[in-house]
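The values are calculated or read from the model by the stated rules, or taken from the named source; none is laboratory data. Just so we're clear, the structure is a prediction, and the values are computed from it rather than from any experiment. Don't worry about glycine lacking a Cβ; one is built from the backbone with ideal geometry, like all the others, and counts go over all protein chains shown.
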Amino acid sequence: MQHADQKKIGFAIVGLGKFATEQMMPAFKETKHARLVALVSGSPDKAARLARAYGIEPKNIYNYQNFDTIRDNPAVEVVYVVLPPALHAEYTERAARAGKHVLSEKPMAPTVADCQRMIEACKKAGKKLMIAYRAQYEPFNLDAIARIRRGELGKLLQITADHGRIVDPVDDPADTWRVVQKMAGGGSLMDIGIYSLNAARYLTGEEPTEVTAQEMTDKSDPRFQEVEDRIHFTLRFPGGTLATCTSAYSIQQVKRFRAFGSQAWLDLDPATDYDRHHLVIGDKEGQREPQLKEGNQFAAELDHMAECVLKNKTPKTPGEEGLRDIRLVHAIYEAARTGKKVKV
């Protein structure tokens, strides 16, 4: 049953790019506890058009210069930062100072120091900080985690996780920031490899103790003058699981993982797409495909943040979760640069 609008938590979206407008904004139509009440954009015409489409009052449209006045708008309780990673820390700090809770897109920020600033700003303001790891709210991923925890695969021994896509700023200007180091903080590893990394962590339920890595980037390619293309990395977990992961900006789309246990394996392909997930389990009896229902991971993520505000709970994916990934991302970069194992 839908809650009355006045019982819903009001969100402001900062940044009206492709992901915000095509995935997140439509998801509010399926939320139970969250509603979209404000927009922040550097494009007045775009903001006005979207505000009309979503029934947002003109007075609740902000730009990047007057953003701080959002403190005077009690309808906004959560600020959702959907900007390039280099801007996450700034707008998280500004939102916290304005007295708002913060939901920030992943990767959390380019550096460990930026992540720590975000955590401290929200802590100082007494506000919640959640990182938008949507896969951790997606039904197929949650089912895979539950099966591993129940021991359906036996002892978890090996994980492979691969994420790749073609990045081409010429064909798709929305990709432009992804190949600019000062905006993205890194290349494929920071942007999509983090899905492989995060999956290895939530499937094992452990933190890795050691990483190795190799990078392959064609520096003659104009896309990769500042950021890396392909990275292959391995993670060693204390329980004995080894994870082999990849990320790439020059291969056709792949978003998958496979978990190998002593008694069975589990394959989710795609694993981190927006929809159409496909789960297969194999053992000595053969293969089967559990029939699961797709769910709106974006709406689930927004509702979780809203419920954390309503019930004063700590988010499932707090700032500390994002910080752990960024520490590991930089360890992977170090391992790729030096060719040596890096203890973490």
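Before moving on, here are some points about what is shown:
- Filter pass, Ser250 being closer than 23 Å to Trp177 by Cβ, assigned by TED's automatic domain parsing to the domain that holds Leu142 and out of contact with any strand residue (DSSP E or B) (no Cβ under 7 Å at 6 or more places or on another chain): no
- Filtered residue count, the range 316-340, keeping only those that are surrounded by fewer than 23 Cβ atoms within 10 Å (Cβ to Cβ) and among the polar types (S, T, N, Q): 1
- Just so you know, in the range 76-117 the residues that are more than 23 Å from Ala300 (Cβ to Cβ) and of a type in the set (A, V, I, L, M) include one that is farthest from the chain's Cα centre (by Cα), and it is Ala98.
- Qualifying residue in the range 199-209 (condition: part of a loop (DSSP other than H, G, I, E, B), more than 21 Å from Leu83 (Cα to Cα) and either at pLDDT below 95 or among the polar types (S, T, N, Q) (or both)): yes
- Test result for Gln263, assigned by TED's automatic domain parsing to the domain that holds Ile159, more than 17 Å from Val167 (Cβ to Cβ), touching a helix residue (DSSP H, G or I) at 6+ places or on another chain (Cβ under 7 Å) and modelled with pLDDT of 95 or more: no
- Filter pass, Lys124 being basic (Lys, Arg), surrounded by fewer than 17 Cβ atoms within 10 Å (Cβ to Cβ) and either at pLDDT 95 or above or not assigned by TED's automatic domain parsing to the domain that holds Leu302 (or both): yes
- Gly240 falls short on exactly one of the conditions (1) outside any strand (DSSP E or B); (2) farther than 23 Å from Arg150 by Cβ; (3) in the same structural domain as Pro222 (by TED's automatic domain parsing), and that condition is (2).
- Of everything in the range 69-85 that is touching a Lys or Arg at 6+ places or on another chain (Cβ under 9 Å) and under 30 Å from Ile192 (Cβ atoms), the residue that is surrounded by the fewest Cβ atoms within 10 Å (Cβ to Cβ) is Pro84.
- Taken together, Asp171, Asp143, Asp162 contain a single residue that is over 24 Å from Lys18 (Cβ atoms) and acidic (Asp, Glu), which is Asp143.
- Any hit, the range 317-329, residues being over 20 Å from the mean Cα position of the chain (by Cα) and modelled with pLDDT of 95 or more: no
- Selected residue (criterion: farthest from Arg337 (Cα to Cα)) from residues of the range 171-222 that are in contact with a helix residue (DSSP H, G or I) (Cβ under 8 Å, 6 or more places away or on another chain) and among the basic types (Lys, Arg): Arg201
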